[in-house]
Amino acid sequence: MATFRRAYIPGATYFFTVVTHDRRPLLAEQQNIDALGQAFRRVKKDKPFMMEAVVLLPDHLHCLWTLPQGDADYSSRWRDIKKFASRSFALPNKTASAWQRGFWEHAIRNEADWRHHMDYIHYNPVKHGWAKAPRDWPWSSFHSHVKNGWYQDNWGVNDTPPLVDIDGE
């Protein structure tokens, strides 16, 4: 069994990758997307965090979170999100696992690192061939960031953003 060395920094911002078990396309079903949204809301109510960006793809998701000052416990949040979502997922059988064990995390170091991961999240559906442009993918925070003026609607349409490979998939 693998031993993970995690960076637990109170109040930090983190990039996460969470993958479905055997990369099954569980997040392609609306029932599962809704269950995941409910799980996020339920956990945030008891253990607050700010989700700065998110993208759901059929077999994985990426997101950026900032934890409250003095709080570094993202692991129990992910445990609970996976547990609550799985209870409502449409699975082939009730003993099937919905999620790959664990998750991948990266502590954001500075503004440039934050921006890079924000762009990576929003360009990910294009990278995987699910959309021609970030604006074409409905399960992404890209749309709210366009409304807030953080991105232009045509960002990533004609030019691939300068993304360094992130080993988070």
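The values are calculated or read from the model by the stated rules, or taken from the named source; none is laboratory data. The structure presented is a predicted model; accordingly, all values stated were derived computationally and were not measured. Note that each Cβ is placed from the backbone with ideal geometry, even for glycine, and that neighbours are counted across all protein chains shown.
Candidates Arg109, Arg87, Arg41, Arg6: the one that is more than 22 Å from Trp130 (Cβ to Cβ), under 15 Å from the mean Cα position of the chain (by Cα) and among the basic types (Lys, Arg) is Arg41.
May I ask you to list the residues in region 83-106 that are in a helix (DSSP H, G or I) and farther than 24 Å from Phe15 by Cα?
Within region 83-106, Arg87, Ser88 meet the criteria.
Being without any contact (Cβ under 8 Å) to a residue 24 or more places away in the chain, of a type in the set (A, V, I, L, M, F, W, C) and assigned to a helix (DSSP H, G or I): is that true of Ala131 here? Outline the logic, then answer.
Numbers: without any contact (Cβ under 8 Å) to a residue 24 or more places away in the chain: yes; of a type in the set (A, V, I, L, M, F, W, C): yes; assigned to a helix (DSSP H, G or I): no.
No: the conditions fail for Ala131.
A single member of Ala107, Ala131, Ala96 is among the aliphatic types (A, V, I, L, M) and modelled with pLDDT under 95, and it is Ala96. Residue check: is Arg115 under 18 Å from Leu27 (Cβ atoms) and loosely packed, with under 14 Cβ neighbours inside 10 Å? Taking the combined requirement at face value, the residue does not satisfy it.
When you go through His122, His116 one by one, which is the residue that is closer than 11 Å to His62 by Cβ and not in a loop (DSSP other than H, G, I, E, B)? Show your work before the answer.
Values: His116 fails: closer than 11 Å to His62 by Cβ.
Selected residue: His122, the only one of His122, His116 that is closer than 11 Å to His62 by Cβ and not in a loop (DSSP other than H, G, I, E, B).
Within region 24-50, residues that are loosely packed, with under 15 Cβ neighbours inside 10 Å reach partners that are in a helix (DSSP H, G or I) with beta carbons closer than 6 Å, at six or more positions or on different chains, in the pairs Arg42/Phe84.
Applying a threshold of 9 Å to beta carbon distances and a minimum spacing of six or more residues, or different chains, the list of pairs starting in region 138-159 at a residue that is more than 26 Å from Gln30 (Cα to Cα) and ending at one that is assigned to a helix (DSSP H, G or I) and among the small types (Gly, Ala, Ser) reads Trp150/Ser144. Need pairs with beta-carbon distance below 8 Å; first residue at positive phi and within region 1-13, second at pLDDT below 65 and basic (Lys, Arg); sequence gap 6+ or separate chains. Close Cβ pairs satisfying both conditions: none exist.
From the set of residues in region 137-163 that are part of a loop (DSSP other than H, G, I, E, B) and of a type in the set (Val, Ile, Thr), which is surrounded by the fewest Cβ atoms within 10 Å (Cβ to Cβ)? Restricting to residues being part of a loop (DSSP other than H, G, I, E, B) and of a type in the set (Val, Ile, Thr), the top hit is Thr160. Given the structure, is Arg109 of a type outside the set (S, T, N, Q), out of contact with any Phe, Trp or Tyr (no Cβ under 9 Å at 6 or more places or on another chain) and assigned to a loop (DSSP other than H, G, I, E, B)? Spelling it out, Arg109 is indeed of a type outside the set (S, T, N, Q), out of contact with any Phe, Trp or Tyr (no Cβ under 9 Å at 6 or more places or on another chain) and assigned to a loop (DSSP other than H, G, I, E, B). Quick one: is Ser86 within 16 Å of Val18 (Cβ to Cβ) and either in contact (Cβ under 8 Å) with a residue 60 or more places away in the chain or charged (D, E, K, R) (or both)? Against the criterion (within 16 Å of Val18 (Cβ to Cβ) and either in contact (Cβ under 8 Å) with a residue 60 or more places away in the chain or charged (D, E, K, R) (or both)), Ser86 does not qualify.
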